[in-house]
Amino acid sequence: MAAQEKTFYLETFGCQMNVHDSEKVVGTLISQGYRQVPTVQEAGLVLYNTCSIRDKAEQKVFHRLADYKKLQAQGKRFGVLGCVAQQEGEKIFERAPHVSLVCGSASYRNLPQMLAQLDAADQKLAHTGLSSDAASFSSAAPSLVPAISQGKSSTLVRITGLDDRETDKCFETEFTARTNPHRGYITIIEGCDKFCAYCVVPFTRGKERSRTSDSVLAEAREMANLGYTEIQLLGQNVNSYHDLAGKRTFAELLIAIAEVPGVRRVRFTTSHPRDFGKDIVEAIDSTPTLCDHVHLPVQSGSSRLLDAMQRLYNRDQYLERISWIKSARREISITTDVIVGFPGETEADFEETLSLLDEVGYDGVFAFKYSPRPNTPAIKLEDAIPDSEKSRRLAFLLEKQRAIQRARYQKHLGQHLEVMVEGKNEMRKQWVGRTSQNKTLNFTAPDGSDLESGGYVPVRVITVFPNSLLGEMVV
Ligand code: SAM
Ligand code: SF4
């Protein structure tokens with residue numbers, strides 16, 4: 001293929017980790033001379049970075065592949081990346097014969113070699129093992145190359161703080177094309193060893209492995225030098241982080257990153273309750289640049305069900321962690337994930353989840369209907385709760401949470417909050433901002449104001465809704 005014909009389209013499904021993985025894939029492809037294009041029609045290579053956390057997410061990618069199957073006749077190549085690729089491997093070729101590339105979430109560093117092989121011969125390639133044959137990384141200074149991502153400009157960054165020892169068995173790529181010029185993600189821990197009964201992640205992301213805190217810090221410093229002011233640390237269980245070199249605990253790493261000159265906000269997600277220590281709350285309390293928000297998935301309010309889910313904590317232990325967060329000097333916003341309809345969930349179990357929502361008073365809840373997943377321990381249990389009942393429980397829970405949020409958000413009325421400007425809603429003539437607590441705060445500014453995305457401004461809250469706030473800029 002001639003250099004100018006090397007174009008690719010990438011669609012991402014799933015969580016923030018997948019979004020960040022896509023930044024690594026885009027960075028890798030651009031470094032190989034590919035150009036990202038905003039539509040399937042313009043692309044020579046069509047890639048889907050997939051999610052398999054629930055069946056619906058997995059089916060989406062096969063529907064997408066079916067939609068564009070006929071374009072194979074135009075010589076386009078199709079590739080499946082990420083969790084579905086890791087889970088299904090070569091079986092994808094049987095289900096979607098027009099796919100020629102399958103690359104699991106731990107194999108992105110092999111993409112250059114895989115693409116070269118594909119270019120050399122018409123064949124099908126699958127790589128779903130852990131990356132062990134990647135080339136060593138350059139230690140050159142960070143380079144900035146403009147790139148195009150879905151029509152938006154992005155920044156291609158060479159990551160220099162990584163060392164071969166850890167990256168040999170780890171998950172970083174040499175290049176990352178960051179799509180947001182102000183907020184940057186850093187994966188600090190990959191995989192999961194917890195094996196919750198319902199969850200496919202240990203099978204799609206592999207064993208838990210952390211980077212050294214020195215390499216994380218080096219990347220954070222590079223990002224700050226490039227103008228990023230908000231850093232989000234990512235991991236399936238970010239707080240299970242274990243510094244390979246034994247230098248810093250997770251809480252100490254949070255503080256170290258928050259103290260990097262130029263960094264104004266540090267977030268981290270997702271925290272596992274079993275590994276959530278008081279030291280994290282103390283770090284937030286002592287460090288204003290650490291955002292006052294903790295996402296602490298509970299999954300169920302019933303200890304009986306938590307045991308069946310193999311969650312490694314019970315209701316009381318979870319509530320103990322909540323009490324630590326609530327006793328902080330700063331008011332820390334708490335959000336969670338809940339699964340309804342796990343096998344054996346009785347009405348009484350569900351009631352316990354509802355009562356937990358009241359007891360904690362979450363600022364946000366992500367709730368899902370249980371979806372049986374391949375390889376997981378729960379797949380052997382009968383999925384006996386009808387979908388209609390799961391839907392009823394889900395709707396009831398979300399309605400209840402809406403009422404809780406409507407009441408909770410009242411406390412923001414009249415407050416002056418600092419927001420990071422994310423953009424402007426031209427139709428409503430409102431700016432869109434995000435608070436440190438991760439709440440959306442839409443606001444008006446005096447006529448003629450030309451606020452920059454990524455800037456920080458003070459806003460007075462004048463109206464509250466269950467999922468957002470409305471305010472006016474303080475001038
Ligand atoms: N590691 C995090 C933890 O332990 O809380 C969760 C990460 S998981 C990628 C994100 C969320 O997906 C989970 O918190 C859970 O609520 C949901 N989830 C995972 N497996 C699911 C399943 N089989 N059915 C429905 N929801 C599921
Ligand atoms: Fe999945 Fe449980 Fe691991 Fe979270 S802790 S990623 S829910 S197995």
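Data table
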item: Residue tally, condition crowded, with 20+ Cβ neighbours inside 10 Å and touching a helix residue (DSSP H, G or I) at 6+ places or on another chain (Cβ under 7 Å), over region 30-45; result: 1
item: Residue satisfying all of: in region 312-347; within 16 Å of ligand 2 (Cβ to nearest atom) and among the aliphatic types (A, V, I, L, M); farthest from Ser468 (Cα to Cα) among these; result: Leu312
item: Scope region 189-203; condition within 15 Å of the chain's Cα centre (by Cα) and either farther than 16 Å from Val238 by Cα or more than 6 Å from ligand 2 (Cβ to nearest atom) (or both); matching residues; result: Ile189, Glu190, Gly191
item: Count of region 307-323 residues which are within 11 Å of ligand 1 (Cβ to nearest atom) and either of a type in the set (Val, Ile, Thr) or over 24 Å from the mean Cα position of the chain (by Cα) (or both); result: 0
item: Region 105-122, subset among the aliphatic types (A, V, I, L, M) and assigned to a loop (DSSP other than H, G, I, E, B), residue surrounded by the fewest Cβ atoms within 10 Å (Cβ to Cβ); result: Ala121
item: Candidate set from region 65-88 (those that are aliphatic (A, V, I, L, M) and assigned to a helix (DSSP H, G or I)); member that is modelled with the lowest pLDDT; result: Ala73
item: Which numbered condition Ile284 fails, given (1) surrounded by 20 or more Cβ atoms within 10 Å (Cβ to Cβ); (2) at pLDDT below 95; result: (2)
item: Flag if Asn438 is at positive phi and at pLDDT below 95; result: no
item: Residues within region 368-399 that are under 18 Å from Thr346 (Cα atoms), within 23 Å of the chain's Cα centre (by Cα) and within 16 Å of ligand 2 (Cβ to nearest atom), tallied; result: 5
item: Residue identified as within 28 Å of Gly423 (Cα to Cα), of a type outside the set (A, V, I, L, M, F, W, C), away from ligand 2 (no atom under 16 Å from the Cβ) and modelled with pLDDT of 90 or more among Arg178, Arg211, Arg183; result: Arg183
item: Residue count for region 373-411, restricted to those that are under 20 Å from Ala57 (Cβ atoms), at pLDDT below 95 and of a type in the set (Asp, Glu); result: 1
item: Cross-chain or 6+ apart pairs with Cβ under 8 Å, region 294-315 first and touching a residue at least 40 places away in the same chain (Cβ under 8 Å) and on the phi > 0 side of the Ramachandran plot, then surrounded by fewer than 23 Cβ atoms within 10 Å (Cβ to Cβ) and among the small types (Gly, Ala, Ser); result: Gln310/Ala197
item: Output for region 422-441, where each listed residue is under 19 Å from Cys291 (Cβ atoms) and in a strand (DSSP E or B); result: Glu422, Val432, Gly433, Arg434, Thr435, Thr440, Leu441
item: All positions within region 228-242 that are touching a residue at least 60 places away in the same chain (Cβ under 8 Å) and more than 16 Å from ligand 2 (Cβ to nearest atom); result: Thr229, Glu230, Gln232
item: Search result, residues across region 420-452 that are within 17 Å of His182 (Cβ to Cβ) and loosely packed, with under 15 Cβ neighbours inside 10 Å; result: Gly423, Asp450, Glu452
item: All positions within region 278-306 that are within 16 Å of ligand 1 (Cβ to nearest atom) and either closer than 20 Å to Cys196 by Cβ or small (Gly, Ala, Ser) (or both); result: Val294, His295, Leu296, Pro297, Val298, Gln299, Ser300, Gly301, Ser302, Leu305, Leu306
item: Hey, Ala395 in contact (Cβ under 8 Å) with a residue 40 or more places away in the chain and within 16 Å of ligand 1 (Cβ to nearest atom) or not; result: no
item: Conditions (1) surrounded by 13 or more Cβ atoms within 10 Å (Cβ to Cβ); (2) over 18 Å from the mean Cα position of the chain (by Cα): number failed by Thr50; result: (2)
item: Region 243-254 - residue that is free of Cβ contacts under 8 Å to residues at least 40 places away in the same chain and assigned to a loop (DSSP other than H, G, I, E, B) and, of those, surrounded by the fewest Cβ atoms within 10 Å (Cβ to Cβ); result: Gly246
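The values are calculated or read from the model by the stated rules, or taken from the named source; none is laboratory data. Model, not experiment: these values are computed from the prediction. When we count neighbours, we look across all protein chains shown, and the Cβ atoms used for this are built from the backbone with ideal geometry, even at glycine.
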